[in-house]
Amino acid sequence: MSDLENQVEEVKSSFDRAVVSIATTDALQKLKVQYLGKKGALTVLLKSLGSLSPEERPLAGETLNALRDALEQKIEDKRQTLIRAEDAEAEALGRVDVTLPPRGRPAGAFHPVAQTMHEIVAIMQGLGYSVALGPEIEEDYYNFECLNMPSWHPARDMQDTFYFPDSEESDGETSKRRLLRTHTSPVQVRAMLRYGAPLRIVCPGRVYRRDNDPTHSPMFNQLEGLLVEKDVSFSVLKGSLIELMNGFFGRELKSRFRASYFPFTEPSMELDIECVECGGKNSNCRVCRGTGWLEVCGMGMTHPFVIRAGGIDPEEYNGFAFGMGLDRMAMLKYGINDLRYLFDGNVSYFLSGRDA
Ligand code: PHE
């Protein structure tokens, strides 16, 4: 064995011996300096290349570079193991410092749902929409009645509602009953009354329903869209939503529009996009359950009843509306497989990006 080969072997085995006893990321950093730092063992060997003959140099250089790559890889593997162990230990001791920036992501990163909301709003702003907001504590009138859902309407049951106990039906005045809005659609009429036509708005926000299981949370996020103009056709709605989905997922997706029903749009549709997880190729896919399609958005041409409630003449103006779940969009884009991760405040999932 040549002198250099001996030295390489020596560095390798002394590193391997040292790395097994390392127990903290700080100690690992010191070890890295010992071997790869300016005066590190490997660096000294690399410097000695200069004293070799031109014939010996290429092979020796190759050997030393391979050693450097191997050491760097071992250090990185060890670092990942230590980070996991340190996170788990800190968590077990209840010592997670939530003021620290998350590892592996830039400090100040948004929550995935907020990130999703910003991305969708930005795309819609590019199509000429502005942002409008409405109250989370709503009146029965805006949440239901003016959306063509009178008190007897069966569609109200689809949205099991949290009513405020102190606003029980009194004197037959259901319309003033207070509730937590069950969707972002009440912002439609509020915005029409406030801004008139023509109008293009998106309304992101929290909504509430009596629902709680792995795919439903009593609080979740929606984004509503509303356009009111003259002679609007369904093809504009289709085009805008295809643009939105392709923009959000960053590629051209197959899509299909299915007939559906909402009391406040006529006709009504639902948009399905091709499964972003398996592309329709996996019959056991956990995201699309093998159907190849994902339901992402309800929509339709705004019902004249709703336009009129917004103080606008439906003979002169028409339009469309759509509504989607922002949490679902975030889960699809970021591969999060349980809705509860988004809301339960268990930081370990986001700290190390592993399945909690
Ligand atoms: N508000 C509906 C829901 O929550 C979605 C929707 C909005 C449908 C606008 C059509 C138009 O399910």
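The values are calculated or read from the model by the stated rules, or taken from the named source; none is laboratory data. The structure presented is a predicted model; accordingly, all values stated were derived computationally and were not measured. Every residue, glycine as well, gets a Cβ built from its backbone with ideal geometry; the counts of neighbours run over all protein chains shown. Note: areas computed on protein heavy atoms with side chains; ligands, DNA, RNA excluded. Shrake-Rupley method; radii C 1.70, N 1.55, O 1.52, S 1.80 Å.
Inside the stretch 128-137, can you point out the residues that are farther than 16 Å from MET192 by Cα and open to solvent by less than 50 Å² (accessible area, probe 1.4 Å)?
Result: GLY128, single match.
Tell me, please, whether a residue that is buried (at least 17 other Cβ atoms within 10 Å of the Cβ), more than 14 Å from the ligand (Cβ to nearest atom) and assigned to a loop (DSSP other than H, G, I, E, B) can be found in the stretch 251-259.
So far as the stretch 251-259 goes, yes, one or more of its residues are buried (at least 17 other Cβ atoms within 10 Å of the Cβ), more than 14 Å from the ligand (Cβ to nearest atom) and assigned to a loop (DSSP other than H, G, I, E, B).
Checking THR182 against (1) away from the ligand (no atom under 13 Å from the Cβ); (2) in a loop (DSSP other than H, G, I, E, B); (3) within 23 Å of the chain's Cα centre (by Cα): exactly one of these is not met. Which one?
(1)
Listed residues MET301, MET329; which is under 18 Å from the mean Cα position of the chain (by Cα) and outside any loop (DSSP other than H, G, I, E, B)? Working first, answer last.
Details: MET301 fails: under 18 Å from the mean Cα position of the chain (by Cα).
It is MET329.
Please enumerate the residues belonging to the stretch 263-295 that are open to solvent by 10 Å² or more (accessible area, probe 1.4 Å), more than 9 Å from the ligand (Cβ to nearest atom) and aliphatic (A, V, I, L, M).
VAL276, VAL287
Given the conditions (1) under 23 Å from the mean Cα position of the chain (by Cα); (2) more than 16 Å from the ligand (Cβ to nearest atom); (3) farther than 21 Å from ILE120 by Cβ, report the number of the one that ARG177 does not fulfil.
(1)
Can ASN318 be described as at pLDDT below 95 and either open to solvent by 30 Å² or more (accessible area, probe 1.4 Å) or outside the structural domain of GLY225 (by TED's automatic domain parsing) (or both)? Walk me through it before giving the result.
Numbers: at pLDDT below 95: no; either open to solvent by 30 Å² or more (accessible area, probe 1.4 Å) or outside the structural domain of GLY225 (by TED's automatic domain parsing) (or both): yes.
In short, no.
Every residue in the stretch 304-333 that is aliphatic (A, V, I, L, M) and closer than 18 Å to MET124 by Cα, please. Outline the logic, then answer.
Step one: list which residues in the stretch 304-333 are aliphatic (A, V, I, L, M), which gives 306-307, 309, 312, 321, 324, 326, 329-332.
Within the stretch 304-333, ALA321, MET324, LEU326, MET329, ALA330 meet the criteria.
Among the residues that make up the stretch 303-312, is at least one of them crowded, with 22+ Cβ neighbours inside 10 Å and more than 21 Å from PHE144 (Cβ to Cβ)?
Checking the stretch 303-312: not a single residue is crowded, with 22+ Cβ neighbours inside 10 Å and more than 21 Å from PHE144 (Cβ to Cβ).
Would you point out the residue of the stretch 321-336, among those that are open to solvent by less than 10 Å² (accessible area, probe 1.4 Å) and within 11 Å of the ligand (Cβ to nearest atom), that is farthest from GLN222 (Cα to Cα)?
So the residue we want is ALA321.
Out of GLN159, GLN188, report the one residue that is surrounded by 14 or more Cβ atoms within 10 Å (Cβ to Cβ), farther than 21 Å from ASP313 by Cα and within 12 Å of the ligand (Cβ to nearest atom).
Working: GLN188 fails: farther than 21 Å from ASP313 by Cα.
The match here is GLN159.
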